[in-house]
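**Student:** After the structure tokens below, expect a handful of questions from me.
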Amino acid sequence: MNNMTRIMLVVAGFAAVVLAAVIMQAFVLKPAHTMKLAVLPEGEYDPAVWGRHYPLEYQSYLKNREMAPSPTGYGGSVKVQKSVMEPALLVNFKGMPFSKDYTEDRGHPYAIEDLKSSKRVGPASVGACMTCKTANLIDIYKEKGWDYAMLPLADLFSRMKHPVSCANCHDPRTMKLRVVNPAFVEAMERRGVDVKKASREEMRSYVCGQCHAEYYFEPKTKKVVFPWDKGFLPEQMYAYYEQKPAGFEQDWIHPDSQAKMLKAQHPDFETFSGGVHGRSGVACADCHMPFMRSNGQKYSSHWVTSPLKHVEASCTTCHTQGEQWLLERVRTEQNNVWQLQKAAGQAVARAHEAVAKAANTADEARLARAREQLRKAQWFWDIVAAENGMGFHNPDQVMNTLGRAIDMAHQAAAEAKE
Ligand code: HEC
Ligand code: HEC
Ligand code: HEC
Ligand code: HEC
């Protein structure tokens, strides 16, 4: 081979590589932002209509109806009573609706159906309960402001036509991510954050945080409020409730121990925020809505479920460890959390019994201290038990919270026994 041939071969080789890269860019890795934008009217809440324009996202959204357990044995999308796994729930939630019906969560399309069929819902249920279940919230809030929260829930059923769907997270005209739950916007504002100015990366968690968060209903107005003024930690939210915001003292009084109890609600956003992933700028959507490919088209999966059903897409974009290693790691973390969660739940249940027994004999000041300790112990247990990741979203914080719950439950029981 003479020099000329060598040079030509090198040039031809180089050209081939460039050409391949161009082809890859154009066809194989077609980035999501080149999608054709369809301008849908504000007020279109039917995911099937959106789906005509965005078929890949819609096809994956429809997978949310699939019900399957998680490979770890925790979580999953099968509607089972949580008390089967953790019987202490029945003692700890005695006297309130969560002792009657408390099931594992499943896919977004079931949100309205599961609300309507819940035994927790009755004639006393208020409009506020629809806040995180339906895209039709947007209209109702526009029309009535927070007044909808006070209306009987049953009166609003006919207006709840579509469950959690496209309009909850997207502006129909631009497809930009948006937050529609006013409770999230207001709570962030009190923290000094203007959600309207959030970056795209932040929005990839905020769209989830608008529903997957701890909340309470303000007593007089039934308005939904997120207790975040002092921070996202269990003790910070507890301290917030200690101030009796707008007269809110408790969710119910436990019939045995007579302690004034709080019910924690799915604090996924709060727990995740302080964890390794939250602190490293990883968003909910990175794991729960990873990029997938179909015929060379790249799109965000809208099958929002356990990421362990597709570890490769969800985790190995950042992690070099193999799928099996990652799965085992999650399972180990969750096993550790589950053991302590059960122990904490049982310790709290025994404390309710001890305090109940002491009720007629003990001196009032000590009894009050025991009840206070018990309320706090149950909050620390419940804020973990009500979270959906079985600890994965923030393993060390969760272990610390459960350890403290066990300690406080023992203290409450000891105080009562003395
Ligand atoms: C680093 C990846 C990662 C991030 C980021 C993440 N999650 Fe998760 N999430 C997981 C894993 C892993 C599980 C456990 C799944 C299991 O047990 O099968 C989980 C479980 C869940 C579940 C319960 C799923 C089930 O099967 O019942 C919900 C709900 C959830 N996450 C919501 C969120 C929300 C909301 C955010 C952001 C505020 C978030 N996650 C951020 C990885 C992640
Ligand atoms: C729970 C929130 C949520 C819901 C509900 C939702 N999306 Fe998305 N969607 C997202 C997120 C997050 C992204 C990623 C956006 C980004 O990174 O900028 C996304 C991206 C998209 C994109 C941009 C292209 C892509 O795939 O990344 C389209 C198109 C889209 N969604 C369509 C839909 C349609 C159609 C529906 C209803 C069937 C829907 N979405 C429901 C959160 C949601
Ligand atoms: C409008 C409120 C709302 C928004 C927005 C929302 N969720 Fe949910 N999510 C729910 C409700 C309600 C359920 C439970 C539905 C049921 O069990 O019927 C749920 C269930 C889930 C589950 C359990 C699914 C399963 O297979 O077990 C996961 C995981 C989840 N959401 C993650 C997310 C993530 C991640 C985001 C953001 C990209 C998000 N959600 C945005 C309300 C919401
Ligand atoms: C967008 C990037 C990203 C994605 C996606 C991601 N991680 Fe991570 N993960 C990180 C970073 C950053 C850390 C911090 C430590 C480090 O640099 O390795 C971390 C740490 C961890 C750790 C050790 C710390 C802990 O909290 O236990 C585990 C385990 C882990 N990730 C599992 C997962 C699993 C499982 C998934 C998929 C469900 C996942 N990660 C998805 C970036 C990511």
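**Student:** Once you measure Cβ to Cβ distances between cysteines in the chain, which Cys have no partner under 4.7 Å?
**Tutor:** C129, C166, C169, C287, C315, C318
**Student:** List the residues whose amide H sits under 5 Å from the amide H of H170, counting only those 5 or more places along or on another chain, with H placed 1.01 Å from N in the peptide plane.
**Tutor:** R178
**Student:** Let me ask something else about it. Rank the residues K197, K133 as a footprinting-exposure proxy: fewest other Cβ atoms within 10 Å of their Cβ go first.
**Tutor:** With the sparsest Cβ surroundings first, the list reads K197, K133.
**Student:** Can you sort V330, V311 from fewest to most other Cβ atoms within 10 Å of each residue's own Cβ?
**Tutor:** In increasing order of surrounding Cβ atoms, one gets V311, V330.
**Student:** When N counts the residues of the chain, how does its alpha-carbon radius of gyration compare numerically with 2.2 N^0.38 Å, as a ratio?
**Tutor:** The chain yields a ratio of 1.14.
**Student:** Evaluate the charge dipole of the range 87-234 about its Cα centre and quote only its size in Debye, nearest 20, assuming +1 on the Cβ of each Lys and Arg and -1 on the Cβ of each Asp and Glu.
**Tutor:** With only Lys, Arg, Asp and Glu charged at Cβ, the dipole is about 120 debye.
**Student:** Would you work out which of P41, V126, I112 lies farthest towards the positive end of the dipole of the chain? Charges go on Cβ: Lys and Arg +1, Asp and Glu -1.
**Tutor:** The one lying farthest along the dipole's positive direction is P41.
**Student:** Between beta-carbons, use under 15 Å as the cut-off and find the net charge around G231, counting Lys and Arg +1, Asp and Glu -1.
**Tutor:** Its environment carries a net charge of -1.
**Student:** Something else now. Using the number of other C-beta atoms within 10 angstrom as an exposure proxy, rank F380, F248, F98 with the fewest first.
**Tutor:** F248, F98, F380
Rule-based calculations on the coordinates, nothing more; no lab input. These numbers come from a predicted model, not from an experiment. Neighbour counts run over all protein chains shown; Cβ positions are idealised from the backbone, glycine included.
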